[in-house]
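Notes to accompany the following structure.
The values are calculated or read from the model by the stated rules, or taken from the named source; none is laboratory data. Predicted, not measured: the structure shown is a model, and the values here were computed from it. Here Cβ is always computed from backbone atoms with ideal geometry, including for glycine, and neighbour counts include all displayed protein chains. Calculation scope for accessible area: heavy atoms of the full protein, side chains included, ligands and nucleic acids excluded. Shrake-Rupley method; radii C 1.70, N 1.55, O 1.52, S 1.80 Å.
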Amino acid sequence: MSMLRPLLLDVVPNIQQTAALALGRLADHSDDLAEAVVKEDILPQLVQSLASQNRFYKKAAAFVLRAVAKHSPELAQAVVACGGVDALVLCLEEFDPGVKEAAIWALGYIARHNAMLSQSVVDAGAVPLLVLCLLEPEIALKRIAASTLSDICKHTPELAQTVVDTGAIAHLAQMILNPDAKLKRQVFSALSQISKHSVSLAEMVIEAEIFPAALTSLRDQDEYVRKNVATLMREVVKHSPELSQVIINYGALSGVIDYVNDCRGNLRLPGIMMLGYLAAHSENLAMAVIISKGVPQLALCLSEESEHHIKAATVWSIGQIGHHTPEHAKVVATAHLLPKLLELYMDASSSEDLQAKSKKALKSILQKCTYVPGLEPLLYDAPSNILKHVVCQFSKVLPHDSKARRLFVTSGGLKKVQEIEAEPGSALQEHINTINNCFPEELVRYYTPGYSEALLERLDNYQSA
């Protein structure tokens, strides 16, 4: 490191560039080497020469700043502290697109760490120049400009608003049908990061008329383009029923369900969560998910996926669909999802988050479920904290449904209820009493544990006339 530093001041430009390039590659390799570059006090020297040297040196110097900044917020702060951001922003006014690209890379790596670093990029006046770079003919420049705008937007609503105020949305919207997949990835990512913060920002993205054209990218050959479109829709619909309805009106629901069906693993996640956010808003929107065959698709995800965080998101979405009314709950129950939710909750190998979400979804659906065949399997396996909700639902349904009462006896449900050990005076015991009051006393006695032994004992003691 100490040997390379003097070479940055060499009289031969080629040696200066090669020395800077070598420093960049060293710093890029590990955070220890990047820290060594900072400790050797090389950064101020690079920043100072950024303004005066030729374009080849500027690219190499920007590469060093990027290589240092990428590792951690602390190292990125070191670049900011030595005036690196201001020098990089000046490079955005260069004629050479390669210099601009190298400078934007470095600014992106600084901005992505946190809001404070992102704000320093904004304060240096980078955003209007980044938006201008979206208009440049070079695809590589467009890509990195969109990516850096995305990195700035992601932290806070205020930073996103700053980007929006420069007219970025309109320029990004014009590129959603660009044939370059890598550019489309960054464009949809930037639009997602803008949309996620507030209703007003999401509305501005919608008003740019990116839908329904964006829906065609749900079938794009590039899997990350598809994922970022699904993410954008998730970020829009989570805000309000009105925005959700707008997205549905464009025909997005069937497109997202097809997307979830066609991909695997983490790529499914934004689609799964979008269905959950949509269903959470109202029973009508949840019914729209049901009509579009969303529940069987989520059931498929639950059986196909092994990652716990994907299962947890799926379980959450199922809960959002099923908790509205008995009709919604019945759809979930007929898809045989209640025993599956119980299994995930009781499985010791399930993550803490998966167990918690399974329990919450199960309880919220059970409190609405009046579909007896769907409830019955839970009588045999559920722990007491879930069982009380199952028995409670039976106590609501059986008094008013003679067919259900008959089915409850023939399927063994009444026998199972008599075997439950409930504390006297508890809510569970009251629900059991309500169920027992729906049946003749001798029938209840017949299924009570120990009744057959009592009958045999009477038989032994019976004296014939």
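One residue alone among 313, 356, 299 is touching a Leu at 6+ places or on another chain (Cβ under 7 Å), at pLDDT 90 or above, in a helix (DSSP H, G or I) and surrounded by fewer than 21 Cβ atoms within 10 Å (Cβ to Cβ), and that residue is 299.
Taking the conditions exactly as written (acidic (Asp, Glu) and over 17 Å from the mean Cα position of the chain (by Cα)), does residue 305 satisfy them or not?
Judged against the criteria, residue 305 is not a match.
Look through 228, 249, 266 and report the one residue that is within 23 Å of residue 195 (Cα to Cα), touching a Lys or Arg at 6+ places or on another chain (Cβ under 7 Å) and open to solvent by 20 Å² or more (accessible area, probe 1.4 Å). On inspection, the qualifying residue turns out to be 228. Do you know which residues across the range 253-270 are within 15 Å of residue 317 (Cα to Cα) and either in contact with a Leu (Cβ under 9 Å, 6 or more places away or on another chain) or modelled with pLDDT under 90 (or both)? Correct list: 253, 256, 257, 260, 270. Every residue in the range 336-352 that is in contact (Cβ under 8 Å) with a residue 40 or more places away in the chain and surrounded by fewer than 21 Cβ atoms within 10 Å (Cβ to Cβ), please. Of everything in the range 336-352, those that are in contact (Cβ under 8 Å) with a residue 40 or more places away in the chain and surrounded by fewer than 21 Cβ atoms within 10 Å (Cβ to Cβ) turn out to be 339, 340, 350, 351.
For (1) closer than 18 Å to residue 224 by Cα; (2) assigned to a loop (DSSP other than H, G, I, E, B); (3) open to solvent by 30 Å² or more (accessible area, probe 1.4 Å); (4) of a type in the set (Ser, Thr, Tyr), each residue gets a yes or a no:
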{"residue": "137", "(1), (2), (3), (4)": "no, yes, yes, no"}
{"residue": "150", "(1), (2), (3), (4)": "yes, no, no, yes"}
{"residue": "159", "(1), (2), (3), (4)": "no, no, no, no"}
{"residue": "163", "(1), (2), (3), (4)": "no, no, no, no"}
{"residue": "193", "(1), (2), (3), (4)": "yes, no, yes, no"}
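Test residue 379 against the criterion of being without any contact (Cβ under 8 Å) to a residue 40 or more places away in the chain, open to solvent by less than 50 Å² (accessible area, probe 1.4 Å) and not assigned by the TED database to the domain that holds residue 434, and give yes or no. No, not satisfied.
As a summary of the residue check, residue 216 satisfies the conditions (1) under 20 Å from residue 147 (Cα atoms); (2) over 18 Å from the mean Cα position of the chain (by Cα); (3) assigned to a helix (DSSP H, G or I) except for the one numbered (1). For residue 320, indicate whether it is touching a Gly at 6+ places or on another chain (Cβ under 7 Å) and either farther than 22 Å from residue 202 by Cα or not assigned by the TED database to the domain that holds residue 374 (or both). Yes, satisfied.
Filter the range 269-296 down to the residues that are of a type outside the set (A, V, I, L, M) and open to solvent by less than 10 Å² (accessible area, probe 1.4 Å) and list them by number.
Taking the range 269-296 as the starting set, the residues that turn out to be of a type outside the set (A, V, I, L, M) are 270-271, 276-277, 281-284, 292-294, 296.
Across the range 269-296, the qualifying residues are 270, 271, 276, 294.
Residue pairs whose Cβ atoms lie under 6 Å apart, separated by 6 or more positions or on different chains, with the first residue in the range 196-207 and surrounded by fewer than 17 Cβ atoms within 10 Å (Cβ to Cβ) and the second modelled with pLDDT under 95 and part of a loop (DSSP other than H, G, I, E, B), are 199/239; 199/240.
Identify, by number, the condition in (1) open to solvent by less than 10 Å² (accessible area, probe 1.4 Å); (2) touching a residue at least 40 places away in the same chain (Cβ under 8 Å) that residue 172 doesn't meet. The failed condition is (2).
Listed residues 268, 264, 226, 234; which is more than 14 Å from the chain's Cα centre (by Cα) and within 22 Å of residue 357 (Cβ to Cβ)? Write out each step before concluding.
Values: 268 fails: more than 14 Å from the chain's Cα centre (by Cα); 226 fails: within 22 Å of residue 357 (Cβ to Cβ); 234 fails: more than 14 Å from the chain's Cα centre (by Cα).
Of 268, 264, 226, 234, the one residue that is more than 14 Å from the chain's Cα centre (by Cα) and within 22 Å of residue 357 (Cβ to Cβ) is 264.
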